[in-house]
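Peer 1: If you scroll down you'll find the structure; I have some questions about it.
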Amino acid sequence: MARVGVFVCFCGANIADYVDVPQVVEEAKRIREVKFAIDYKYMCSDPGQQQIRDAIAQHRLTSIVVAACSPRMHEKTFRKALSDAGMNPYLLEVANIREHSSWVHQKDKKAATEKASDLVRMAVAKSIANEQLHEISVPVTKRALVIGGGIAGIQAALDIADARIPVVLVEKSPSIGGKMAQLDETFPTLDCAQCILTPKMVDVASHPYIELIPYSEVLELQGFVGNYKVKIKKKASYVNFKTCTGCGACWQKCPVKVDNEYNMGIDKRKAIYTPFPQAVPNKPVIDAEHCTMLTKGKCGICAKVCEKGSIDYQMQDEIIEREIGAVVVATGYDMWDPKPYEEYGVGRFKDIITSLEFERMVSANGPTNGLPLRPSDGKVPKNVVFIKCVGSRDEAKGISYCSKICCMYTTKHTILLHHKVHDSHAYVFYMDIRAAGKGYEEFVEKAQVDTGTTYLRGRVSKIYKKGDKLMVRGEDAQIGQVVEVEADLVVLATAVSAPKDNPDLARLLGISYDKYGYLSEAHPKLRPVETAKAGIFLAGCTQAPKDIPETVSQASACAAKVCGLFAGDTMKKDPMISTVNTEYCSGCQNCVKVCPYGAIVTDEVPFGHGSKELRTVAKINEGVCQGCGSCVAICRSTAINLAGFTDPQIINEIVSI
Amino acid sequence: METVTNQLVSIEKPEIVAPPDWQPVIIGILCNWCSYAGSDLTGTSRLQYPPNIRIIRVPCSSRVDTWFLIKSLQTTADGVLVSGCHPGDCHYISGNYFARRRFLVTKKLLNFVGFHENRIQFSWVSAAEGPKFAKVVSKVTEDIKKLGPLHLYKKENFEK
Ligand SMILES: Cc1cc2nc3c(=O)[nH]c(=O)nc-3n(C[C@H](O)[C@H](O)[C@H](O)COP(=O)(O)OP(=O)(O)OC[C@H]3O[C@@H](n4cnc5c(N)ncnc54)[C@H](O)[C@@H]3O)c2cc1C
Ligand code: SF4
Ligand code: SF4
């Protein structure tokens, strides 16, 4: 028969003042299976734990009940005490008589005491059905997958690889670098983005522990933490990277011109192209949608001019498979399309551009040689109006959240404008100036003084054309009047939005995303880089808008998490997971449908002893199961049980009140 | 005492009159991550609620088998409260949606066999909603008090 020990805690006065603790002990002693019961001032203290350890040996106890604070508080502590006494730690049950009794029934000691006794009886009943459980250890494949090669993915890949853990970096476009590669100088220190980014890009390409797979996408992820299998589609580049030297003869001669994405369509690139001069890898790809050789079978010039014979129009997409143990998702962000702002004349007036277009124009390697120019007539603008919160914080048209970076980059843009066009004047329409961050407020203040920018607090209500100028009408809330500003160029600080493919990617990876498409972290404060799925982490803007310093911090945090995961050859896992009793399983597969983690697969077992005929049963992968119990409750054959929360355990609690 | 909606079988006999000192027993089955944490917060905030509820911890509301609810009403409880994470907030991604559907069916079933529908109740309480938990428990206790005792088997099993 079971021999249960009960240990009731005073928690100083926290429990003892509102619950008659000795009475609870007396009640416990009346339970047949309880062979030992005692109270103590602080059970969690070392002398308290010592009493448990001693009693286990002296009274040959088979399970332990500690009646004290919430198990969320000290379950681990007491489990360890059991372990130290040589008892299986999962033979412990905690009766929560503090949070659930003494603290919430402070005016009725009798009722609180009765309730505490009931809670102890329930815990005793449950503990009798407890089983010895052992931590599960799962082998780990020490290789990480990083999806997205912006600054987030680059930093995560480098940090992980520097710890001598192999990394597979998958980038959708022909080059890594992301949005940062399109920036000019960066706030708050105004160092040039290219100067700090390109060395890192080169490091990625040459790192012995990084396998860079550009121009590719993740197709499928299977398995579980430490043991994933990924399928990657490498799009055909039609250029043999092994022989290509990146000389550029091909794109100089290619006759097909296409809008240049890197320069936001301000100029043209060719159908065979590298996205920008510092691209990594610095090899061209053929844009299959526009190449006339691939679409119509006419041209073939690049193959003729390539001295290395690297062009291969027959090249096919390739499927690459890798075994990996962890994933860092770093797919960044998209620029929000300001189309809904019809009253601004977006799409109708050429001289309204977005912030990233402005960024490209003022960049030294940009399409206009570093000068902002009016798209309508190519003239240098004198009066430039910057409008912030276009799409951001505007539930009706765009999105309700703050894009976080626009206040700072607009300030930066006023400085860059001032540097490039000395006699220009900048106006900024704003709702607030949010400059929280190290050196940020100082940056904004200094910029205001140095550039003499006019700040107007209020939303713009209309933009209309007057001659070759744009008239920007808005409210200046500080003077409570409508103002109109004559502008040569208008720059919209459009919102940051989640990448369009994020929902698809999230479904494929089995992680969740919010209503905007940002990938969801496991906990907003305490687990900001983990997802709810073990072994998958988030870095950069794919989780929420953020600037470069924050992106890099999160990327390094991901790397630390991955290194932690890979620290041992095996991983320890909580044993509270579900198992199928195949004797009972009818093979209905209802459980397969409800498991949120896809942990349940089917298996074949013989019909009976020695039988050659097979029947289908469910099988749970112990590495994947997170122990929610969905499958247990759905199973009509009671074939599944969840360790730690078995039917007998819970029913015992119910019937023993 | 309110009337029973379905008269096919009537366990809820109107002639059962509660003794003057009668107090209902309510079983609360709470998910570990949201509602149980919320109930802990009610405690740490020292918010007071009626002492009738006995709480059972499960990992997720989706672990709650119909069987548990029936067994509770059959043996010890006058009412059951099941509480989980808010829709969309489930620690296990989608568990609480299954729980909600199963719960609705169970409620219909129990109603069909003659239990008043307020005997089993469902709520969403997050880990931050200490005050809400106190309110939910008070409300459920009130409801069950109005319904009166279920008068079935009691304890003994585990006592000497
Ligand atoms: C106009 C403007 C100015 C800015 N100025 C500054 C500044 O001065 N200072 C500052 O700190 N921040 C600035 N920022 C913010 C900065 O751009 C971001 O913080 C940073 O780029 C975020 O990096 P990321 O890696 O998360 O995203 P990204 O740079 O967007 O990188 C994402 C990468 O993932 C790839 N990818 C996307 N989807 C997939 C997929 N499914 N599979 C594989 N690969 C995929 C993309 O091709 C891209 O290479 C500015 C932003 C803008 C818009
Ligand atoms: S629900 Fe139960 S019976 Fe059906 S497949 Fe799963 S384990 Fe087998
Ligand atoms: S307990 Fe939850 S996670 Fe584990 S197999 Fe069952 S449904 Fe899947």
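Peer 1: Of all residues in segment B:83-110 being more than 10 Å from chain A (Cβ to nearest Cβ), out of contact with any Ser or Thr (no Cβ under 6 Å at 6 or more places or on another chain) and open to solvent by less than 40 Å² (accessible area, probe 1.4 Å), which is nearest to A:Pro596 (Cα to Cα)?
Peer 2: The extreme case among them is B:Cys85.
Peer 1: When the residues of segment A:528-570 are narrowed to those that are over 26 Å from A:Cys406 (Cα atoms) and of a type in the set (Lys, Arg), which ends up nearest to the chain's Cα centre (by Cα)?
Peer 2: Top of the filtered list is A:Lys533.
Peer 1: If A:Ala129 meets every condition in (1) within 14 Å of chain B (Cβ to nearest Cβ); (2) surrounded by fewer than 20 Cβ atoms within 10 Å (Cβ to Cβ); (3) touching a Lys or Arg at 6+ places or on another chain (Cβ under 8 Å) apart from one, which number is that one?
Peer 2: If we test A:Ala129 against (1) within 14 Å of chain B (Cβ to nearest Cβ); (2) surrounded by fewer than 20 Cβ atoms within 10 Å (Cβ to Cβ); (3) touching a Lys or Arg at 6+ places or on another chain (Cβ under 8 Å), just (3) comes out false.
Peer 1: Sticking with this structure for a sec: Enumerate the pairs (first residue in segment A:423-444 and under 25 Å from A:Asp394 (Cβ atoms) and touching a residue at least 24 places away in the same chain (Cβ under 8 Å); second residue anywhere and of a type in the set (Asp, Glu) and in a loop (DSSP other than H, G, I, E, B)) with beta-carbon separation below 8 Å, excluding pairs fewer than 6 apart on the same chain, so at least 6 apart or on different chains.
Peer 2: Qualifying pairs under 8 Å: A:Gly437/A:Asp547.
Peer 1: Look through segment A:13-57, keep the residues that are part of a loop (DSSP other than H, G, I, E, B) and among the hydroxyl-bearing types (Ser, Thr, Tyr), and return whichever of them is nearest to B:Pro51 (Cα to Cα).
Peer 2: The selected residue is A:Tyr18.
Peer 1: Looking at A:Thr141 and the list (1) open to solvent by 20 Å² or more (accessible area, probe 1.4 Å); (2) farther than 18 Å from B:Ile29 by Cβ; (3) within 14 Å of another protein chain (Cβ to nearest Cβ), which single condition is not satisfied?
Peer 2: (3)
Peer 1: Is it true that A:Lys573 is under 26 Å from the mean Cα position of the chain (by Cα), of a type in the set (Lys, Arg) and at the interface with chain B (Cβ under 10 Å from one of its Cβ atoms)?
Peer 2: no
Peer 1: Could you check B:Ala37 against (1) closer than 23 Å to A:Thr646 by Cβ; (2) aliphatic (A, V, I, L, M); (3) free of Cβ contacts under 8 Å to residues at least 60 places away in the same chain; (4) out of contact with any Leu (no Cβ under 7 Å at 6 or more places or on another chain) and say which number it fails?
Peer 2: The number of the failed condition is (3).
Peer 1: Also, I was wondering about something else. Identify all residues within segment A:638-651 that are more than 16 Å from A:Asp603 (Cα to Cα) and either open to solvent by 30 Å² or more (accessible area, probe 1.4 Å) or not polar (S, T, N, Q) (or both); write none if there are none.
Peer 2: Across segment A:638-651, the qualifying residues are A:Thr638, A:Asn641, A:Leu642, A:Ala643, A:Gly644, A:Phe645, A:Asp647, A:Pro648, A:Ile650, A:Ile651.
Peer 1: Which of the following residues is more than 40 Å from the chain's Cα centre (by Cα) and either within 14 Å of ligand 1 (Cβ to nearest atom) or in a loop (DSSP other than H, G, I, E, B) (or both): A:Ile511, A:Ile479?
Peer 2: Matching residue, one of A:Ile511, A:Ile479: A:Ile479.
Peer 1: Go through segment A:569-584 residue by residue and tally those that are farther than 17 Å from A:Phe645 by Cβ and either open to solvent by 30 Å² or more (accessible area, probe 1.4 Å) or within 13 Å of ligand 3 (Cβ to nearest atom) (or both).
Peer 2: Result for segment A:569-584: 6.
Peer 1: Sticking with this one: Could you grab me the full set of residues in segment A:555-584 that are more than 13 Å from A:Arg143 (Cα to Cα), of a type in the set (A, V, I, L, M) and away from ligand 2 (no atom under 16 Å from the Cβ)?
Peer 2: Within segment A:555-584, A:Ala555, A:Ala557, A:Ala560, A:Met571, A:Met576 meet the criteria.
Peer 1: Say whether the condition of being touching a Leu at 6+ places or on another chain (Cβ under 8 Å), within 14 Å of chain B (Cβ to nearest Cβ) and in a helix (DSSP H, G or I) is met by at least one residue in segment A:101-116.
Peer 2: Scanning segment A:101-116 turns up at least one residue that is touching a Leu at 6+ places or on another chain (Cβ under 8 Å), within 14 Å of chain B (Cβ to nearest Cβ) and in a helix (DSSP H, G or I).
Peer 1: Could you tell me whether segment A:552-567 includes any residue that is under 30 Å from A:Pro166 (Cα atoms), open to solvent by less than 30 Å² (accessible area, probe 1.4 Å) and within 14 Å of chain B (Cβ to nearest Cβ)?
Peer 2: Taking every residue of segment A:552-567 in turn, none turns out to be under 30 Å from A:Pro166 (Cα atoms), open to solvent by less than 30 Å² (accessible area, probe 1.4 Å) and within 14 Å of chain B (Cβ to nearest Cβ).
Peer 1: Can you name every residue in segment B:7-32 that is surrounded by 15 or more Cβ atoms within 10 Å (Cβ to Cβ) and modelled with pLDDT under 90?
Peer 2: Across segment B:7-32, the qualifying residues are B:Ile11, B:Glu12, B:Ala18.
Peer 1: If I go through segment A:585-609 residue by residue, how many of them are buried (at least 17 other Cβ atoms within 10 Å of the Cβ) and more than 8 Å from ligand 2 (Cβ to nearest atom)?
Peer 2: Residues in segment A:585-609 being buried (at least 17 other Cβ atoms within 10 Å of the Cβ) and more than 8 Å from ligand 2 (Cβ to nearest atom): 5 in total.
Peer 1: Touching a strand residue (DSSP E or B) at 6+ places or on another chain (Cβ under 9 Å) and more than 16 Å from ligand 2 (Cβ to nearest atom): which single residue out of A:Cys247, A:Cys254 fits that description?
Peer 2: That would be A:Cys254, the only listed residue that is touching a strand residue (DSSP E or B) at 6+ places or on another chain (Cβ under 9 Å) and more than 16 Å from ligand 2 (Cβ to nearest atom).
Peer 1: Oh, and also: Looking at segment A:77-94, I want the residues that are within 16 Å of A:Val124 (Cβ to Cβ) and have a partner that is open to solvent by 20 Å² or more (accessible area, probe 1.4 Å) and assigned to a helix (DSSP H, G or I) with Cβ atoms under 6 Å, at least 6 apart or on another chain. Which pairs are those?
Peer 2: That search, which allows pairs on different chains as well, returns A:Leu82/A:Pro89; A:Leu92/A:Arg79; A:Val94/A:Glu75.
The values are calculated or read from the model by the stated rules, or taken from the named source; none is laboratory data. Because the structure is predicted, anything quoted here is derived from the model rather than measured. For neighbour counting, all protein chains shown are included, and Cβ atoms are generated from backbone atoms with ideal geometry for every residue, glycine included. For the accessible areas, the whole protein counts, side chains as well, though only heavy atoms, and no ligand, DNA or RNA atoms are used. Shrake-Rupley method; radii C 1.70, N 1.55, O 1.52, S 1.80 Å.
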